[in-house]
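Structure first, then comments.
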Amino acid sequence: MAISILHRITGAALAVGALLLVVLLLSIAVGPGAYDVLRTYISTGPGQAFLILWTLALFLHLFNGVRHLVFDAGLGFGIEATRISGIVVLLATVVFTVAVWLVAWLHHGIQA
């Protein structure tokens, strides 16, 4: 039940992130000044926190969606199977989020 609620919350968070992506694209179209303003905000602590949480929402929504595809195939409906698949979704979400941000910080010099 908790993952179902999180799935809905992450769907809303992804919509907010999509709006930020539109703002990013518009700032690029407007010019370097607008892009620099947005980049400055994203580089702050709250901006970085938003991006990390958005990445977490993206992966949770993705992996839980795959879990539901398995359910749609008629598999994994037992109590133990749903508990294990929920744990796998949460673990995969954390592992992939950490991996993405480690790569970003180590290879692209993004400030934490």
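The values are calculated or read from the model by the stated rules, or taken from the named source; none is laboratory data. Keep in mind that this is a model prediction, so the values were computed, not measured. Quick reminder, even Gly has a Cβ in these numbers, built from the backbone with ideal geometry, and neighbours come from all protein chains shown. Ligands, DNA and RNA are excluded from the accessible area calculation, which covers all protein heavy atoms including side chains. Shrake-Rupley method; radii C 1.70, N 1.55, O 1.52, S 1.80 Å.
Structure values in brief
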{"item": "Acute angle (nearest 10 degrees) that the helix 2-30 long axis makes with the longest principal axis of the chain, alpha-carbon atoms", "result": "20"}
{"item": "Most fluctuating residue given options LEU69, LEU14, LEU53, as computed from a GNM of the chain linking Cα atoms under 10 Å", "result": "LEU69"}
{"item": "Highest to lowest packing among 89-95, 17-23, scored as the average C-beta count within 10 Å", "result": "89-95, 17-23"}
{"item": "Heavy-atom accessible area ranking, 1.4 Å probe, most first, across ASP36, ASP72", "result": "ASP72, ASP36"}
{"item": "Spacing of the two label points (7 Å from each Cα toward its C-beta) at HIS107 and ALA81, in nm", "result": "3.6"}
{"item": "Of every Cα-Cα pair in the chain, the percent that sits beyond 23 Å", "result": "41"}
{"item": "Rounded accessible area of HIS61 (nearest 10 Å², 1.4 Å probe)", "result": "50"}
{"item": "The chain - percent of accessible surface contributed by carbon and sulfur, probe 1.4 Å", "result": "79"}
{"item": "On Cα atoms only, tilt of 45-72 relative to the major axis of the chain in degrees", "result": "30"}
{"item": "Accessible surface ranking that places the most exposed of TRP101, TRP54 first, with a 1.4 angstrom probe", "result": "TRP54, TRP101"}
{"item": "Residues LEU90 and HIS68, FRET efficiency given R0 of 22 Å [Cβ-Cβ distance, rounded to 0.05]", "result": "0.90"}
{"item": "Spin-label pair ALA15/MET1, simplified geometry with 7 Å Cα→Cβ offset, distance in nm", "result": "2.4"}
{"item": "Solvent-accessible ranking of VAL30, VAL103, largest area first, probe 1.4 Å", "result": "VAL30, VAL103"}
{"item": "Convex hull of the stretch 44-107 built on C-alpha atoms - directionally averaged projected area, nm²", "result": "4.8"}
